[in-house]
Every structure is written in structure tokens, then in C-alpha cells.
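The values are calculated or read from the model by the stated rules, or taken from the named source; none is laboratory data. Owing to the predicted nature of the structure, the values given are computational and were not obtained by experimental measurement. So basically every Cβ, Gly included, is an ideal-geometry build from the backbone, and we count neighbours across all protein chains shown. Accessible surface is based on the protein model in full, side chains and every heavy atom, while ligands, DNA and RNA are left aside. Shrake-Rupley method; radii C 1.70, N 1.55, O 1.52, S 1.80 Å.
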Amino acid sequence: MGNASSVNVNEERLLDTFLTLVRFNTPSRHEKPAMEWCAQYLRRIGFEVEFDDAGEKVGGTVGNLIAFK
């Protein structure tokens, strides 16, 4: 097997982020509260964030989150 590149992961931050997200009550097509949190977090660390209209097409509360730098 080839060598995998080394990535530093802040395990505490990863766990905190995961635990924050799983606390949201977000059944299918009702993910807006979690996506708003994600969008705010991503903006805070320098990303631009957009949502598409996929949610409207399937009766959901939010579209796909698209983030870019």
C-alpha cells in the first residue's frame, strides 16, 4: 500500500463538533437547525456558504449546504 499523507486532527474539537451536531433534532427533510449551525461555523472559519434549492424540491426545510473558500 502507498503512504497516506499525515494529517493532524484535533480530536477534542472533532468530538465536540460531532456531539454538537448529534444533539440537533433533525429528521429527514428537517435539517435546517443543524445546517444553520454548520453555516455559521464555516463562515467563522473563513468559508463562503450558500444553500441550493434542493430542499424546496423535496419538501424539506433547507437545501444542500455548499461551502467554498
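When you scan the stretch 42-52, do you find a residue that is in contact with a helix residue (DSSP H, G or I) (Cβ under 8 Å, 6 or more places away or on another chain) and not in a loop (DSSP other than H, G, I, E, B), even just one?
As a first pass, look at the stretch 42-52 and keep what is in contact with a helix residue (DSSP H, G or I) (Cβ under 8 Å, 6 or more places away or on another chain): 49, 51.
With not in a loop (DSSP other than H, G, I, E, B) added as a condition, the list becomes 49, 51.
Yes, the stretch 42-52 has at least one match.
Any residue at all in the stretch 25-34 that's closer than 23 Å to Phe68 by Cβ, open to solvent by 100 Å² or more (accessible area, probe 1.4 Å) and under 13 Å from the mean Cα position of the chain (by Cα)?
Among the residues of the stretch 25-34, not one is closer than 23 Å to Phe68 by Cβ, open to solvent by 100 Å² or more (accessible area, probe 1.4 Å) and under 13 Å from the mean Cα position of the chain (by Cα), which makes the answer no.
Yes or no: the stretch 16-23 includes at least one residue that is polar (S, T, N, Q) and open to solvent by 80 Å² or more (accessible area, probe 1.4 Å).
no
Tally up the residues in the stretch 41-68 that are farther than 21 Å from Arg29 by Cβ and either in contact (Cβ under 8 Å) with a residue 60 or more places away in the chain or open to solvent by 60 Å² or more (accessible area, probe 1.4 Å) (or both), please.
6
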